[in-house]
Structure formats: C-alpha cells, structure tokens
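Right, one structure below, let's go through it.
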Ligand SMILES: NC(=O)c1ccc[n+]([C@@H]2O[C@H](COP(=O)([O-])OP(=O)(O)OC[C@H]3O[C@@H](n4cnc5c(N)ncnc54)[C@H](OP(=O)(O)O)[C@@H]3O)[C@@H](O)[C@H]2O)c1
C-alpha cells in the first residue's frame, strides 16, 4: 500500500514533452505505427519499434532515424501475442535507449473479415490473441513503471469496427471492442495516477493491412463502406500525436468516427437501417430470379 501512495499524490496533467520522450511502438514497421513513429522522431523523441518481421523492422528503423537526422531508433522483433517475448523486448529496448518507456503506441494488429458462418475458430482466436491480448501485453509491460513515475502516455489503436458491429467483422470487431473496453477501465485507474490513456478509432486507412483485408472482404462489407476514400496513415498519426499532447482519451482522426464515438447509440439504428438496405439491394441484384 505504502509503495503506491507517492504515485497517487503525484497526479500529473502537464503536457507530454515529446522531444525528451522514449516512445515504444508495436506494429512500428508499417502503416499507422510507422507513420506515428516518423512523426514523433521528427519531434526529437527516441523511438523503439516492435514487429515480427525483422527485415522490414530494421528497414523501418533505418528510415525513421535517417528522416529524423539521426534520432536514436532501436528495434526488436517480437510477437505481441507472446507475453514473455514482448515483455522481454520492451525491457531490452528500455535498456538500449537508457530510458524507460514514456509513450506506448500499441498499433500492432491485423484484420480478417469474412462471413460469420464461414470464419474458422482459428480466425476468431487469432483476432483476440493479436488485437486484444497483443495490446494488453504491451500495456502491462509499461504501465507499472509509468504509475511508479506518475507520468506517461499509453495509446492503443482500436478501429471504427470497435464502435459499431459491421457486416463481415464478426471476428475482428469484438477484438477491437475489447481493446476499447480495456482502455476505458485502464484510463479510469491510471489517469488519477498521472498516466494519460487514449484509444484511437480509425476508419479505413490506406496501409498494407487494408490491402490484405480487401482480399477477404465480403461484397456486402464493400457496399456498406461505399466509396469513402481511406485516410492516409499520416493523418491518423497526426491525430494520435495531437491526442497525446492534449491528453485525450478518445482519438478520432475523422468526423465520421468522431460522430460515431460521441453519438453512437443514437446513430446506430439509422446506420444499421441504411447498411441493411445496401446489403438487401446487393443480394437482390445478385440472386438469380
Ligand atoms: N488500415 C486500416 O484500415 C485500419 C483501420 C482501423 C484500425 N486499424 C488498426 O490499426 C493498427 C495498425 O494497422 P495498419 O493498418 O497500420 O497495419 P499494417 O500496415 O499492416 O501494420 C501492422 C503492423 O503490425 C505488425 N504486426 C502484426 N501482427 C503482429 C504481431 N502478432 N506481433 C507484432 N507485430 C505485429 C506488423 O508487422 P509484422 O507483420 O512484421 O509483425 C506491422 O508492423 C492495427 O491494430 C489495425 O487493426 C487499421
């Protein structure tokens, strides 16, 4: 009990000094994680990147460091679903950077859409293992130190699919809902201890994940998405950095997800009616009479 008291007293709401921070980014070798790493490195932060594929990771670390005029960028290959390996990787990165993690961006994740009746158990399990447990493991690795220091920022990347159940996302959506639920509870417990907690709700973003996801998307999921252009990873990264600076919990990179995050329970019946209409129209047009 006594050990927790100093952090309780040290409620810290001053803005994060990004220029002196050590930032750990899971999923830092690609897409939203890489764009966020680039932006924070350009602001002078020390970066540590984590992903599974060592080659792409090393390439990303070199690129981020060169673009930020030699800012120290370290990298470790680890699977976020493997708690021991991820915890070890973060400890090694903290030792290499000679600084504990000040900011965590938990961006590692993957999406596998499909018809509910056709998705295998393995897919449901993989989404939870990587998207949910991968986030939980990263938060668990850095939160005790941040609480001890009464300082830090923990940001997890959920999805618009974590705000609304969407046709084709019965495996991915629940994992992203779980990320949101986790971060809501963690915020309630860590914010009074000086730690900023945020969760990001991107809509479609133009990254390798979206390209892979599009290979599996049912046609119904495509018509629901309509012709909305995906955001760039840079736009999402800018929203994340702003969210950290302003200590925001809900980080929405566009007006659509912002409206959904604020007024979801009011908008949901209207959206569901429109999405159901689009699905019916598609199915009618493709059913032989
Ligand atoms: N793109 C979108 O439309 C979109 C929309 C909403 C939310 N999101 C979320 O945003 C986050 C980032 O996605 P993105 O679009 O930037 O994807 P991305 O470009 O495919 O990048 C994913 C990153 O996560 C890493 N990763 C994947 N599985 C991992 C694992 N088990 N352990 C460690 N690292 C792993 C990948 O590297 P390795 O494969 O080498 O491990 C890569 O660095 C994800 O959580 C995603 O669900 C994306």
Protection proxy (average C-beta count within 10 Å per residue), highest first, orders 34-47, 262-275 as 34-47, 262-275
Only helices counted: for the chain, with every DSSP H run of 4 or more residues adding -39500 (n - 2.57) and the sum spread over all residues, [θ] at 222 nm is -16500 deg cm²/dmol
Relative contact order of the chain (C-alpha contacts under 8 Å, at least 6 apart) in percent is 19 percent
One finds the C-alpha centres of region 23-59 and region 176-235 to be spaced, in Å, by 18 Å
Note: the chain, point scatterers on Cα, Debye, no solvent; log10 I/I(0) at q = 0.07 Å⁻¹ equals -0.26
With 0.36 nm assigned to each residue of separation and the Cα-Cα distance removed, residue 66 to residue 54 gains 2.5 nm
Taking Cα atoms only, helix 83-96 is inclined relative to the longest principal axis of the chain by an angle, in degrees rounded to 10, of 40 degrees
Burial-style ranking of 279-285, 179-185, 26-32, average other-beta-carbon count within 10 Å with highest first, yields 26-32, 179-185, 279-285
Ranked on Cβ counts within 10 Å of their own Cβ, fewest leading, 140, 252 go 140, 252
Measuring from the longest principal axis of the C-alpha atoms of the chain, the long axis of helix 255-286 (C-alpha) lies at a number of degrees, nearest 10, equal to 30 degrees
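No value in this document is a laboratory result; all are computed from the given coordinates. On a predicted model such as this, the values are computed, not experimentally measured, just so you know. We place every Cβ from the backbone using ideal geometry, glycine too, and count neighbours over all the protein chains shown.
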